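Okay, structure first, notes after.
The values are calculated or read from the model by the stated rules, or taken from the named source; none is laboratory data. Because the structure is a prediction, the values reported are computed rather than measured. Ideal geometry is used to build each Cβ from the backbone, glycine not excepted, and the neighbour counts take in all protein chains shown. The protein model used for the area step is the full one, side chains on, heavy atoms only, and it has no ligands, DNA or RNA in it. Shrake-Rupley method; radii C 1.70, N 1.55, O 1.52, S 1.80 Å.
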Amino acid sequence: MTATHERHGHFIDNQTVPSQAGARLPVTDPSRGTECAQIARGTSADIDRAIGSARAAFQGRWGGLAAMERGRVLQRWSQAVLAHQEELAQIEAMDTGKPISQARADAVALARYFEFYAGAADKLHGQTIPYQSGYTVMTLREPHGVTGHIIPWNYPMQIFGRSVGAALAAGNACVVKPAEDACLSLLRVAALGAAAGLPAGALNIVTGLGAEAGQALAEHPGIDHLSFTGSPETGRRVAVAGAAHHCPVTLELGGKSPQIVFADADIDAALPALVSGIIQNAGQTCSAGSRVLIERPLYEPLMERLSIAFGALRAGPASLDLELGPLVNRKQQQRVWDFLSDAQASDIVMAAQGEIVDEAPADGFYQAPVLLRDVPASHRLWREEIFGPVLAARAFDDEDEAVALANGTDFGLVAGVWTRDGSRQFRLAHRLQAGQVFINNYGAGGGVELPFGGVKHSGHGREKGFEALYGFSRLKTVAIRHG
Ligand code: NAD
């Protein structure tokens, strides 16, 4: 089964339902630039209905389940995702344009999130606190209630897994607003959840536009916690909407993450990580290593090797499974073009560029990967998130300068450091402003166990790992005086 040319509804109360207003939105295949399906265009009426369904599940069958049983549902769901890996990957590749092997990896990661949180569900607990004689004091870990999840288009399955998997494990019922550009895989995943034993209402998905369904979700007083992943501008809007009803909000807002390469680094190990760090998902990755800082003695030799590597990269349709697929939509393609025109106008030198293969349909949203050299630290190409396959490089002279350059943007999501100097490894782990620091690797394989989130404009709160369960639960202190 594929989702091609289907008309999809929302997923509410374990049912597929049309939008109450009856409106739909087209879905475009980025590899071809043509319509491939339609989704329901949700409004506040659909959000109301989904939140009502989630509240009933939270107060009823889902909220009443033992933590162990919630874990078992997630475990069965994980197995179902693995059993449908190929189907989910085909849907995702069509919907987002990502190369089919990257879509397969996303489905495996989703299953792994469910597996991790299945095992963790009955290990989230409070503590007892030694207090005055005559008291017993304990903390209880309780779910928030109904959690809202606003998901972007770059990694729908992975971000759904890390956010919804943890929220359900902690005992919440969820309402999800996926991105209008990429929600087909999640509708299928939700149906697999129902078949795996998720009670009606525990998970609801309302599709539609951000300014309509997304805004309605963020503003809704029936939401007890919001998790948002996407752009800083929209994140701010969501946080403001949540603040109006005193709703805790977790924000994951992207980055401009540096990889710092010292002259003593193992270059053979660093080179593939520098390339994959920016071309994975065609650069549309919040933790993309989009800046490379190279110690001056190594600058020209490493730029030469990077240029050869970039020159060999190919972009093409998802089905060809090349290094890069297309960008997600025309708007994103235009955004990258605008940055590249700016580079040209500022006389920033393009050191190398990959190719778009001849088989790529002319109406697809392709962008060949680009390596820019000597990018000034004041330029927007050095400071702003492009969200495309563009790597900005520049040299540095000493460790202090490297740290100042690395920390010198508004963002702080991830940082990579390549050096054999053990003392420097520890120093930089402390000095870099980022939610994750990787030494002599970049991303550590993306392990679901590793808490993830940003500082500064990259956001706040942590998802992934056990840490996410603390965010998706709240602590109650109980003091019993017994004499
Ligand atoms: P966006 O932040 O506007 O969209 C992300 C999600 O928020 C989508 O589900 C969208 O429907 C929803 N949304 C949009 N407006 C909303 C609102 N007013 N209230 C509630 N929800 C709303 O991102 P975009 O416009 O699709 O992309 C723009 C830029 O965002 C990209 O170029 C990229 O730089 C960045 N981005 C970052 C990430 C990330 O993971 N950090 C992901 C996607 C996009």
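Just how large is the dipole of the chain about the Cα centre, in debye to the nearest 20, putting +1 at every Lys and Arg Cβ and -1 at every Asp and Glu Cβ?
1720
Cross-link reach is defined here as a Cα-Cα straight distance under 13 Å, omitting same-chain residues fewer than 8 places apart; for Lys256 the aspartates and glutamates meeting it are Glu384, Glu385, Asp410. Could you list the residues of segment 295-339 with an amide nitrogen less than 11 Å from a label point located 7 Å from the Cα of Val357 in the Cα-to-C-beta direction? Answer for segment 295-339: 314-325.
Loop-resident trypsin sites (Lys or Arg not before Pro) (DSSP state other than H, G, I, E or B) in segment 233-271 with no more than 10 further Cβ atoms inside 10 Å of their Cβ are absent. Each principal axis of the Cα cloud of segment 22-124 was evaluated for its coordinate range; sorted largest first, these ranges are 47, 36, 18 Å.
Which of the three applies to segment 118-246, rounded, prolate or oblate, going by the alpha-carbon gyration tensor with a ≥ b ≥ c and a/c under 1.5 meaning rounded? Intermediate values should be presented prior to the final figure.
Numbers: a/c = 2.52, a/b = 1.54, b/c = 1.64.
Cα axes put segment 118-246 in the oblate bin.
On the accessible surface of the chain, probed at 1.4 Å, how many percent belong to carbon and sulfur atoms? The value for the chain is 51 percent carbon and sulfur by accessible area.
Any chance you could run the full-extension gain for Arg305 through Gln425? It's 0.36 nm times the residue separation minus the Cα-Cα distance, nm to one decimal.
Working: separation 120, 0.36 × 120 = 43.20 nm, distance 2.42 nm.
So the chain would gain 40.8 nm between Arg305 and Gln425.
Against the chain, whose longest principal axis is taken from its Cα atoms, helix 156-169 shows a tilt of about 30°.
Work out the length of the dipole vector of segment 1-154 about its Cα centre, built from +1 on the beta-carbon of each Lys and Arg and -1 on the beta-carbon of each Asp and Glu, and round it to the nearest 20 debye.
Values: 15 positive and 15 negative charges, 59 e Å.
Dipole about the Cα centre, nearest 20: 280 debye.
Rounded, prolate or oblate: which fits segment 121-165 when a ≥ b ≥ c are the square roots of the eigenvalues of the alpha-carbon gyration tensor, with rounded for a/c under 1.5 and prolate only if a/b beats b/c? In terms of gyration-tensor shape, prolate.
When only DSSP loop residues count, what chymotrypsin sites (Phe, Trp or Tyr not before Pro) in segment 100-200 have their Cβ near at most 16 other Cβ atoms within 10 Å? Filter output for segment 100-200: Tyr131.
For the chain, compute Rg over Rh where Rg is the Cα radius of gyration and Rh is the Kirkwood radius from the inverse mean 1/r over Cα pairs.
Values: Rg = 22.9 Å, Rh = 23.1 Å.
Expressed as Rg/Rh, it is 0.99.
For segment 277-407, treating each Cα as an identical point scatterer without solvent, what Debye log10 I(q)/I(0) comes out at q = 0.12, 0.22 1/Å? Log10 I(q)/I(0), no solvent term: -0.45, -1.37. Counting 0.36 nm for each residue step from Thr34 to Ala269 and taking away their Cα separation leaves a gain of 80.6 nm. Three principal axis extents describe the C-alpha atoms of segment 208-248; from largest down they are 21, 20, 14 Å.
Can you tell me the length gained on complete extension of the stretch Asp374 to Asp397, counting 0.36 nm per residue apart and subtracting the Cα distance? Don't jump to the answer; show the numbers that get you there.
Numbers: separation 23, 0.36 × 23 = 8.28 nm, distance 1.34 nm.
So the chain would gain 6.9 nm between Asp374 and Asp397.
As an exercise, use a Förster radius of 25 Å and the Cβ-Cβ distance of Glu384 and Arg330 to find the FRET efficiency, rounded to the nearest 0.05. Spell out each step's value before the answer.
On the way: r = 20 Å, r/R0 = 0.79.
That pair, Glu384 with Arg330, gives E of 0.80.
Amide H contacts of Asn440 (H built 1.01 Å from N, in plane; Pro and chain starts excluded): Val417, Trp418, Thr419 sit under 5 Å, all sequence-distant by 5 or more or on other chains.
Express the accessible area of segment 236-335 per residue in Å², computed with a 1.4 Å probe while the remaining protein chains stay in the model.
Working: 3630 Å² over 100 residues.
Per-residue accessible area for segment 236-335 comes out at 36 Å².
Relative contact order for the chain: 18 percent, from Cα pairs under 8 Å spaced at least 6 residues apart, divided by residue count. Which whole-angstrom value gives the distance between the alpha carbon centres of segment 401-476 and segment 253-286? Their Cα centres are 14 Å away from one another.
Is the shape of segment 165-226 rounded, prolate or oblate, going by the alpha carbon gyration tensor and its root eigenvalues a ≥ b ≥ c, with a/c under 1.5 for rounded and a/b larger than b/c for prolate? In terms of gyration-tensor shape, oblate. For segment 114-199, the solvent-accessible area with a 1.4 angstrom probe is 28 square angstrom per residue. Residues in segment 388-421, backbone N under 17 Å from the label point at Ser346 (7 Å along the Cα-to-beta-carbon vector): list them, ranges by number please. It comes to 388-396, 405-411, nothing else.
So which of Lys177/Lys476; Lys123/Lys464; Lys123/Lys456; Lys331/Lys464 end up more than 25 Å apart by C-alpha? Display every interim value, and only then the final one.
Working: Lys177/Lys476 29 Å; Lys123/Lys464 15 Å; Lys123/Lys456 31 Å; Lys331/Lys464 30 Å.
Check vs 25 Å cut-off fails for Lys177/Lys476; Lys123/Lys456; Lys331/Lys464.
Taking the Cα atoms of segment 255-297, the ratio Rg/Rh between the radius of gyration and the Kirkwood radius comes to 0.99.
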